[in-house]
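Novice: Structure incoming, see below.
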Amino acid sequence: MTSRPPGKSVSETLPLNQILHGDCIELLGALPEKSVDLVFADPPYNLQLSQELYRPDQSKVDAVDDPWDRFGSFAEYDAFTRQWLAGCRRVLKDTGTIWVIGSYHNIYRVGAILQDLGFWILNDVTWIKSNPMPNFRGVRFANAHETLIWAQKNKGAKYTFNHHAMKALNDDSRENGLQMRSDWYLPLATGRERVKVNGAKAHPTQKPEALLYRVILASSKPGDVVLDPFFGSGTTGVVAKKLGRRFIGIERDKKYIRVAQKRIAAAEADSEAVKVEKPRPVRVPFGALVESGILLPGQSLYFAKNGSKAKILANGRIQCGDLSGSIHGVAKALLNGAPVNGWEVWLYEDEKGNKIAIDELRKKFSGEK
Ligand SMILES: C[S@@+](CC[C@H](N)C(=O)[O-])C[C@H]1O[C@@H](n2cnc3c(N)ncnc32)[C@H](O)[C@@H]1O
């Protein structure tokens, strides 16, 4: 465990936009605690391939049979999973979230361990592969999806979910988009996207950038620190850079680090284009409209729910019969305590006699569209 040098903030001591070479369990332990906003992890799946696979034309299938994916038993895999997930939990901020991707071989074990460690699952997302590999032997269904678990460090804590960006990404034919669902239909990384070295795949399990794009855009903000403990060919780093986030990668194989460094160096970012979250409405006190003469003391407001009339007071409060208070407080009292936004239920009368919500005046005043 590292301690922070005196006078340095946590982020100043982080190896930002770097790939650390080594074992992630060891290296996670050397990072400062509560320093990372988001983790994306694509761990070994423990595919347990016991024999080579061939296509009907007898060509060999390029399956994941690398040493880093082999474990002696489920117990060994579980112990490994518990260790790296505990390491991620320690470095995550209390507001942080983690994504883990896996297949039926490992994702149920990962999910149970996440819960045992105290993570709170927010969603499981199915990545449906639009171009999956067939089941060559024809003995099972074609395995056409992978599962991502999205979990927060602490149940009930505040966390980032860019709901508006996700809606806009999902359907731009509607003004406000369409809520993003938990089944994502995306192709595998193929063609030009697939990194090759001397004509062969540079990494056996390179994930598509589109998948990481959605993960990172949904659950982090520009400038956030995104950690990937199984960095591989660096897909997380490439997309983090393109989206104006900072990354920390951990990878134990030097040849993959070289591939990742090259990919990341070629990625470009536009710092303005990545600021896509819906701006928060500027807080305007009702009194500011009175003070600036947009509404006048003595002027009438009309309650949209039943036409009750109120008078604007010089101090930015309103009087409605015996009730006096803020636009929100008086509206709430008129609705017998039901929660209400006063800006939306009080109307003013314009010069043509139209009754319009005072929220329109607030928007003009704050420059909001
Ligand atoms: C499933 S791949 C990740 C692929 C990556 N998402 C991509 O898009 O290229 C897992 C990677 O983790 C690395 N790895 C496996 N065990 C590791 C460990 N204990 N520490 C660090 N890296 C490890 C492997 O070398 C492999 O590159």
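Novice: Can you tell which of PHE71, PHE141, PHE80 shows the greatest fluctuation in a Gaussian network model of the chain with Cα springs below 10 Å?
Specialist: Fluctuation is largest for PHE141.
Novice: Any idea what the dipole of region 286-366 comes to, in debye rounded to 20, about its Cα centre with Lys/Arg Cβ at +1 and Asp/Glu Cβ at -1? Write down the numbers at each step before the final one.
Specialist: Numbers: 10 positive and 8 negative charges, 22 e Å.
With only Lys, Arg, Asp and Glu charged at Cβ, the dipole is about 100 debye.
Novice: Computed FRET efficiency, Cβ-Cβ of ASN198 and ASN154, R0 45 Å: what is it to the nearest 0.05?
Specialist: Numbers: r = 47 Å, r/R0 = 1.04.
Efficiency, rounded to the nearest 0.05: 0.45.
Novice: If you take every residue apart from PRO132 with its C-beta less than 14 Å away from the C-beta of PRO132, what net charge results, scoring Lys and Arg +1 and Asp and Glu -1? It would help to have the intermediate numbers written out before the result.
Specialist: Numbers: positive: LYS129, ARG140; negative: GLU146.
Net charge around PRO132: +1.
Novice: I'd like the distance separating the alpha-carbon centroids of region 345-363 and region 150-219, in whole Å.
Specialist: 42 Å
Novice: Would you mind ranking LYS201, LYS196 by Cβ crowding within 10 Å, fewest neighbours first?
Specialist: Details: LYS201 14, LYS196 11.
Taking fewest neighbouring Cβ atoms as first place, the list is LYS196, LYS201.
Novice: So between GLN319 and ILE25, what do we pick up on full extension, going 0.36 nm a residue minus the alpha carbon distance? Walk me through the numbers on the way to the answer.
Specialist: Values: separation 294, 0.36 × 294 = 105.84 nm, distance 6.41 nm.
Stretched fully, the GLN319-ILE25 segment lengthens by 99.4 nm.
Novice: So, one more: Tell me the relative contact order for the chain as a rounded percent, counting alpha carbon contacts under 8 Å between residues six or more apart.
Specialist: Numbers: 645 pairs, mean separation 54.6, N = 369.
It rounds to 15 percent for the chain.
Novice: Related question: Want the number for SER308 to ASP253: 0.36 nm per residue separation, take away the alpha-carbon distance, what's left? If you can, show how the numbers build up before the last one.
Specialist: Working: separation 55, 0.36 × 55 = 19.80 nm, distance 7.21 nm.
Net length gain for the segment: 12.6 nm.
Novice: Sticking with this structure for a sec: Sorted from fewest to most neighbouring beta carbons within 10 Å, what does the list VAL91, VAL39 look like?
Specialist: Details: VAL91 22, VAL39 28.
In increasing order of surrounding Cβ atoms, one gets VAL91, VAL39.
Novice: Find how much the distance from ARG283 to PHE365 grows on full extension, using 0.36 nm per residue of separation minus their present alpha carbon separation; answer in nm with one decimal. Provide the component values of the computation, followed by the final result.
Specialist: Numbers: separation 82, 0.36 × 82 = 29.52 nm, distance 1.05 nm.
Taking ARG283 through PHE365 to full extension adds about 28.5 nm, to one decimal.
Novice: Answer with one residue from LEU313, ALA338, SER324: the one whose Cα lies farthest towards the positive end of the charge dipole of region 286-366, charges on Cβ with Lys, Arg +1 and Asp, Glu -1.
Specialist: The listed residue farthest towards the positive side: ALA338.
Novice: Helix by helix through the chain, keep the DSSP H runs that span 24 Å or more along the axis on Cα and average at least -0.5 on Kyte-Doolittle, and give those back in order. Working shown, then result.
Specialist: Values: long enough: 74-91 (26 Å, -0.32).
Answer set is 74-91.
Novice: How many nm is it between the label spots at TYR104 and LYS34, if each spot is 7 Å from the Cα in line with the beta carbon?
Specialist: Here the modelled spin labels are 4.2 nm apart.
Novice: What's the exposure ranking of TRP68, TRP127, going from fewest to most Cβ atoms within 10 Å? Walk me through the numbers on the way to the answer.
Specialist: Details: TRP68 15, TRP127 21.
Ordered from fewest to most neighbouring Cβ atoms within 10 Å, TRP68, TRP127 come out as TRP68, TRP127.
Novice: Place a +1 charge on the Cβ of each Lys and Arg in the chain and a -1 charge on the Cβ of each Asp and Glu, then give the dipole magnitude about the Cα centre in debye, rounded to the nearest 20.
Specialist: Working: 52 positive and 41 negative charges, 71 e Å.
I would put it at about 340 debye.
Novice: Please tell me the relative contact order of region 286-366 in percent, rounded to the nearest whole number, where contacts are Cα pairs under 8 Å and at least six residues apart.
Specialist: On the way: 125 pairs, mean separation 19.4, N = 81.
Contact order relative to length: 24 percent.
Novice: What's the local net charge at ILE113, with K and R +1, D and E -1, over the other residues with C-beta under 9 Å away? Write out the running numbers ahead of the final one.
Specialist: Numbers: positive: ARG82, ARG109; negative: ASP78, ASP116.
Combined, the nearby Lys, Arg, Asp and Glu give 0.
Novice: Around LEU122, with a cut-off of 13 angstrom between Cβ atoms, what is the net charge of the other residues, counting Lys and Arg +1 and Asp and Glu -1? Present the calculation step by step, with values, prior to reporting the outcome.
Specialist: Numbers: positive: LYS153, LYS155, LYS158; negative: ASP124.
Net charge around LEU122: +2.
Novice: Also, quick follow-up: How far is it, in nm, from the label point at LEU16 to the one at SER292 when both lie 7 Å from their Cα along the line to the Cβ?
Specialist: Between LEU16 and SER292, the simple spin-label model gives 3.5 nm.
Novice: Could you work out which residue, out of ALA260, ALA288, ALA142, moves most in a Gaussian network model of the chain, that is, has the largest mean-square fluctuation with Cα springs under 10 Å?
Specialist: For the chain, modelled as a Gaussian network with Cα springs under 10 Å, the answer is ALA288.
Novice: Straight-line reach from LYS207: which lysines have a Cα under 18 Å away, not including same-chain ones fewer than 8 places off?
Specialist: Within reach: LYS129, LYS196, LYS241, LYS242, LYS255, LYS262.
Novice: I want to verify a result. In a Gaussian network model of the chain, Cα cutoff 10 Å, which of these has the top mean-square fluctuation: PHE74, PHE286, PHE161?
Specialist: The residue that fluctuates most here is PHE286.
Novice: Rounding to the nearest 20 debye, state how big the charge dipole of region 248-308 is about its Cα centre with +1 on each Lys and Arg Cβ and -1 on each Asp and Glu Cβ. If you can, show how the numbers build up before the last one.
Specialist: Values: 11 positive and 7 negative charges, 99 e Å.
Roughly 480 debye for region 248-308.
Novice: Next question. Straight-line reach from LYS309: which lysines fall under 20 Å, measuring Cα to Cα and dropping same-chain residues less than 8 apart?
Specialist: Cross-link targets: LYS332, LYS352, LYS355.
A short reminder: the numbers here are calculations on the coordinates, not readings from a lab. Everything numeric here is computed off the predicted structure, so don't read it as measured data. Ideal geometry is used to build each Cβ from the backbone, glycine not excepted, and the neighbour counts take in all protein chains shown.
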